[in-house]
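Structure first, commentary second.
Since every read-out is calculated from the coordinates, none of them should be taken as a lab result. Remember, predicted model here, so these are calculated numbers, not experimental data. With ideal geometry, Cβ positions are generated from the backbone for all residues, glycine too; neighbour counts draw on all protein chains shown.
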Ligand code: UD1
Ligand code: MG
C-alpha cells in the first residue's frame, strides 16, 4: 500500500455561489460537495487526512467529521489562498513522510483511482492532474515544456490572451512528496492578480528544486470544479447520468431515465421498475421487485421486496415499508413501520406509527401525531380494517383484527377484534328531497307568472 496523506481544502467561502451556506456544503445528488470529495479520499485509505476549514465553519467541520471521522481538522483563519491553506495542515502531518495529495472541496467528482495514479506518478516529487476542455473559463492553464513537464500554472486572471487560449487546465489536484512540499511552501509569494498565495506556484518552485512537475490527465467531467450554481447544476447532471446508467445496469427498469433523480447513496434491488418523475433523496433502500409509480418522492426510507409505491406517494425519513405493501396515490408516510401486505391506497397520512401485517387503511385516514406540542405514536395491529376518513388521535393503539367504522375519530385504545365507531346518528327523512324540489319549482313558477 502506498504511503499517502490527503489534504482537503474547504476554507474558501465560495463568494460566487451568492449563498449564506459555505460552498463545501452545497449538495449534488443529495450529498454535500465536501462529502463527495471525502468519500473518494476515504476510499484511498490514506494514512492521514486533514480537512482545512475556515474559522467560522462549524457546520463544515461537522460534515467532515460525519463523513470521514478519522480525518483531522485544521483551521485557516485568514483566507490567503490555496497555498496558504495547505500550510495549515503542516502540524497535523508533522510525522508523515510519504506522498501528500491536495484535493479541493469544490472538485467533487474525483475518483480514488485517479488519485492513486497521481500519487504513484509523483512519489517524492510532484505531479498535477490536468484535463482538456473546450471551455477553459475560470481554470488555471497548464504550460508545458517540450518534454511534457508542467513548467507553470497560470491562473486565468493572470493569463495573457495567448495563454487563455490553452485548453489544458489545472484540476487543482496535486500530489507531492511531503519533504518537498514543506520545503517549498514558505517560498510562495502573493504577487498576482488576487494577492493570494497560490498553491499552483509550487510547480515552478519544484522544477527549480530539481523536481520537474509531472502531468497526469483525466476526463473533464471527473474534475469539473464548482464556483457558481451553474457549475453545481453541471455536477448534478453528470452524477445523475452516471447513477441512472448504474442502476439500469444493475437490473432496474427506468421508463424515462432522464426524469428520475437519485442520491449518491440510493440502493436499488433487482427487477425494480421506476416510472417517470421519481425523486430519491438521501438514505433510500429499495428491495427486489418493487414498483415505484410516477411522481413519487422518497427520502430516508426502506421499501421491502415486492412493494408498490405511488403514483404520487411520499415516503419521508423513517418510512419502513414491508414486503408486498401498497402505498398509493397521495399517501404520505413518515417514521412508520408498515407491515407486510398492508394497503394504504389513497389520500392518507401515516406518521410516527406502526401498522401490522395485512391491515387495510381506508382512504383519508390520518394519524393525528402532533398535538401542537409533541409527537405521539399510533400503534395499529395486524389484519385491522380502518374505514375511510378515520382520524387516529395519538397516542393510541388498535388491537389485531379490529374494525374501525368509516368517519371515526379514535381517541381511546381499541381492543383486538372490537368494532370502534364514532358517528352522529343518521337522520333519514323519506321523500324529503322530492318535496323540497317540488316546493322550489312551485315558487319559481309563481314568480315567473307575476
Ligand atoms: C483553483 C486553482 C485553479 C484550478 C481550479 C480548479 C489555485 C490558485 N487555482 O482555482 O488553477 O484550475 O481551482 O477548480 O489554486 N481554499 C481555501 N483557502 C483559501 C482559498 C481557497 O481553503 O484561502 C479552497 C476553497 O474552499 C476551494 C479550493 O481551495 O475548495 C479552491 O479555491 P477556489 O477559490 O475555488 O479556486 P479556483 O479559483 O477555483
Ligand atoms: Mg474553485
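Key figures
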| read-out | value |
| --- | --- |
| Taking the convex hull of Cα positions in the stretch 104-242, its mean projected area over all directions (nm²) | 8.7 |
| Cα extents of the stretch 309-450 along the three principal axes, largest first (Å) | 69, 33, 33 |
| Convex hull of the stretch 1-137 built on C-alpha atoms - directionally averaged projected area, nm² | 8.8 |
| Volume in Å³ per residue [convex hull over Cα atoms, computed for the stretch 61-117] | 114 |
| Antiparallel DSSP beta bridges within the stretch 312-405, percent to nearest 5 | 5 |
| Highest-first arrangement of 229-237, 404-412, where packing means the average Cβ count within 10 Å | 404-412, 229-237 |
| Overall form of the stretch 86-132 per C-alpha gyration tensor (a/c, 1.5; a/b vs b/c) | oblate |
| Gyration tensor (alpha-carbon) shape descriptor, the stretch 165-320, a/c threshold 1.5 | prolate |
| Antiparallel bridge percentage (DSSP; both residues within the stretch 1-140; nearest 5) | 10 |
| Tilt relative to the chain, helix 58-67 - C-alpha long axis, 0 to 90 degrees, to 10 | 80 |
| Burial ordering of 182, 432, fewest other beta-carbon atoms within 10 Å first | 432, 182 |
| The stretch 179-281 - percent relative contact order, Cα under 8 Å, separation 6 or more | 15 |
| Kirkwood-based shape ratio for the chain, expressed as Rg/Rh from alpha carbons | 1.19 |
| Length gained when the stretch residue 450-residue 78 is fully extended (0.36 nm per residue, less Cα-Cα span) | 124.8 nm |
| Over the chain, relative contact order from alpha-carbon pairs under 8 Å, at least 6 apart, % | 8 |
| Ordering of 144-153, 287-296 by packing [mean C-beta count within 10 Å, highest first] | 287-296, 144-153 |
| Percent antiparallel among DSSP beta bridges (both partners in the chain, rounded to 5) | 20 |
| Mean separation of Cα contacts under 8 Å, 6 or more apart, over the residue count of the stretch 245-390: relative contact order % | 12 |
| Inter-label distance for residue 422 and residue 62, nm, one decimal - labels placed 7 Å from Cα along Cα-to-Cβ | 3.9 |
| Rounded if a/c under 1.5, otherwise prolate or oblate - the stretch 5-49, Cα gyration tensor axes | oblate |
